[in-house]
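A short worksheet on the structure shown next.
The values are calculated or read from the model by the stated rules, or taken from the named source; none is laboratory data. Just so it is clear, the model here is predicted, and its values are computed rather than measured. Every residue, glycine as well, gets a Cβ built from its backbone with ideal geometry; the counts of neighbours run over all protein chains shown. To get the accessible areas, we keep the full protein, side chains included, count just its heavy atoms, and leave off ligands, DNA and RNA. Shrake-Rupley method; radii C 1.70, N 1.55, O 1.52, S 1.80 Å.
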Amino acid sequence: MGQRLHTEEWRAIPSTGRDIRLLVMRPTVSARPPERTPGILWIHGGGHVFGLYRALMLARARSLVDKFGAVVVVPEHRCALESPFPADLEDCYAALLYLKAHAEDLGLNDSQIMVGGESAGGGLTVATCLLARDLGEVSIAFQMPPYPMLDDRDTPSSRNNHAPVWNTWSNHHAWRLYLRGIRPAPVPAYAAPARETDYAGLPPAYTCVGDIEPFYCETLDYIENLRRAGVEAHLDVYPRWFHAYDMLLPFTPKAKLAIARFEERYRYAADHYFAPQRS
């Protein structure tokens, strides 16, 4: 067996009304000094419904540790089957506060705190960035939410969608579970970030999406809204890509290209994006 490139440790951290588990992944040999080591809050997907399946959902997060020496923390947040919105956002924000407060202990630069996650984890990435911007407690340098779940309303691509993995039925079912404590009252942008009307002040972003999946239109709209607000934002669109294509078929040429593009954008962010903490 080869040398293990990172360590994994579970920690208990406080969240709203309870403690949650936080997976901390750190390189065994740091590729960068602490002042050049980003700290990444990685939020797992699963449609707000499913829990953390480490073998499938953490491949991208582990690569950020193994290939680039980042420190990554992953909250085992509550899911909608247990607790609807805002439980998972509260858990993610608690993990973000922990990442900032323990930056020195974790060996990372607190002016390079980043947030990322696929699918519902991408939606929570954006929601966490919105909450951090509005509360002013944590500065985030970069966001990376591949094919994010952002809009509880039907869009042209999520309506009558029958693509593999995630489709109109699964999308409606997941949003119904997640928002069951809110509807029919107005849905806040912290729950469905596509409902936000002011995207100014959010961190630079990179995302990707397939053109046959439900989240295609809301992803394009999000990037366009960021650009209109003066936020640097980049997007890659992959033809005939269904939801989570790169996670499920990582050995295919299209997936390898997508993974390489994601890593290229991350490397650029690690070298160029900084957001000093206010206190």
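If the requirement is being at pLDDT below 95 and of a type in the set (F, W, Y), which of these qualifies: Y93, Y98, Y53? Walk me through how you get there before you give the answer.
On the way: Y93 fails: at pLDDT below 95; Y98 fails: at pLDDT below 95.
Only one candidate passes the filter, namely Y53.
Could you please find all residues in the range 140-178 being polar (S, T, N, Q) and either open to solvent by 10 Å² or more (accessible area, probe 1.4 Å) or more than 16 Å from the chain's Cα centre (by Cα) (or both)?
Initially, the range 140-178 is screened for residues polar (S, T, N, Q), giving 143, 155, 157-158, 160-161, 167-168, 170-171.
Hits for the range 140-178 are T155, S157, S158, N160, N161, N167, T168, S170, N171.
Which residues, counting only those in the range 239-274, are over 16 Å from the mean Cα position of the chain (by Cα) and in a loop (DSSP other than H, G, I, E, B)?
P239, R240, W241, F242, L249, P250, F251, T252, Y273, F274
Select from the range 220-271 the residues that are among the β-branched types (V, I, T) and within 14 Å of P203 (Cβ to Cβ) and list them in ascending order.
Correct list: I223, V231.
Scan the range 246-259 residue by residue and report those that are touching a Pro at 6+ places or on another chain (Cβ under 9 Å) and open to solvent by less than 40 Å² (accessible area, probe 1.4 Å).
Listed by number, the residues that qualify are D246, A258.
Looking at (1) surrounded by 13 or more Cβ atoms within 10 Å (Cβ to Cβ); (2) over 30 Å from E137 (Cα atoms); (3) charged (D, E, K, R), which is the one condition that is false for R240?
With (1) surrounded by 13 or more Cβ atoms within 10 Å (Cβ to Cβ); (2) over 30 Å from E137 (Cα atoms); (3) charged (D, E, K, R) applied to R240, the lone miss is (1).
Consider G181 against the criteria (1) at pLDDT below 95; (2) open to solvent by 60 Å² or more (accessible area, probe 1.4 Å); (3) out of contact with any Phe, Trp or Tyr (no Cβ under 8 Å at 6 or more places or on another chain); (4) of a type in the set (G, A, S): it satisfies all of them except one. Which criterion is unmet?
So the condition that G181 fails would be (3).
Which of the following residues is buried (at least 24 other Cβ atoms within 10 Å of the Cβ) and either closer than 29 Å to L220 by Cβ or out of contact with any Gly (no Cβ under 8 Å at 6 or more places or on another chain) (or both): L130, L64?
None of the others qualify; the one that does is L64.
Looking at E137, E118, can you tell me which residue is under 12 Å from the mean Cα position of the chain (by Cα), among the acidic types (D, E) and either modelled with pLDDT of 95 or more or open to solvent by 20 Å² or more (accessible area, probe 1.4 Å) (or both)?
Numbers: E137 fails: under 12 Å from the mean Cα position of the chain (by Cα).
Being under 12 Å from the mean Cα position of the chain (by Cα), among the acidic types (D, E) and either modelled with pLDDT of 95 or more or open to solvent by 20 Å² or more (accessible area, probe 1.4 Å) (or both) holds for just one of E137, E118, which is E118.
Can you say whether R278 is touching a residue at least 60 places away in the same chain (Cβ under 8 Å), touching a Gly at 6+ places or on another chain (Cβ under 8 Å) and exposed (fewer than 13 other Cβ atoms within 10 Å of the Cβ), as far as the supplied structure shows?
Yes, satisfied.
I113 passes all but one of (1) touching a residue at least 60 places away in the same chain (Cβ under 8 Å); (2) open to solvent by 10 Å² or more (accessible area, probe 1.4 Å); (3) on the phi < 0 side of the Ramachandran plot; which number fails?
Unmet for I113, out of (1) touching a residue at least 60 places away in the same chain (Cβ under 8 Å); (2) open to solvent by 10 Å² or more (accessible area, probe 1.4 Å); (3) on the phi < 0 side of the Ramachandran plot: (2).
Could you check the range 184-215 and list, in sequence order, the residues that are more than 16 Å from T125 (Cα to Cα) and buried (at least 23 other Cβ atoms within 10 Å of the Cβ)?
Selection gives G210, E213, P214.
One residue is enough: does the range 74-85 have a residue meeting the conditions on the phi > 0 side of the Ramachandran plot and buried (at least 20 other Cβ atoms within 10 Å of the Cβ)? I'd like the intermediate steps shown before the answer.
The first filter runs over the range 74-85 and keeps only residues on the phi > 0 side of the Ramachandran plot, leaving none.
No, the range 74-85 contains no residue that is on the phi > 0 side of the Ramachandran plot and buried (at least 20 other Cβ atoms within 10 Å of the Cβ).
Of everything in the range 17-36, what is modelled with pLDDT of 95 or more and either open to solvent by less than 10 Å² (accessible area, probe 1.4 Å) or part of a loop (DSSP other than H, G, I, E, B) (or both)? Give them in sequence order.
Result: I20, L22, L23, V24, M25.
Can you list the helices (runs of 4 or more DSSP H) found entirely within the range 96-211 that contain at least 2 residues being touching a strand residue (DSSP E or B) at 6+ places or on another chain (Cβ under 9 Å)? Break it down stepwise before answering.
Values: elements: 103-106, 120-135, 168-178.
It comes to 103-106, 120-135.
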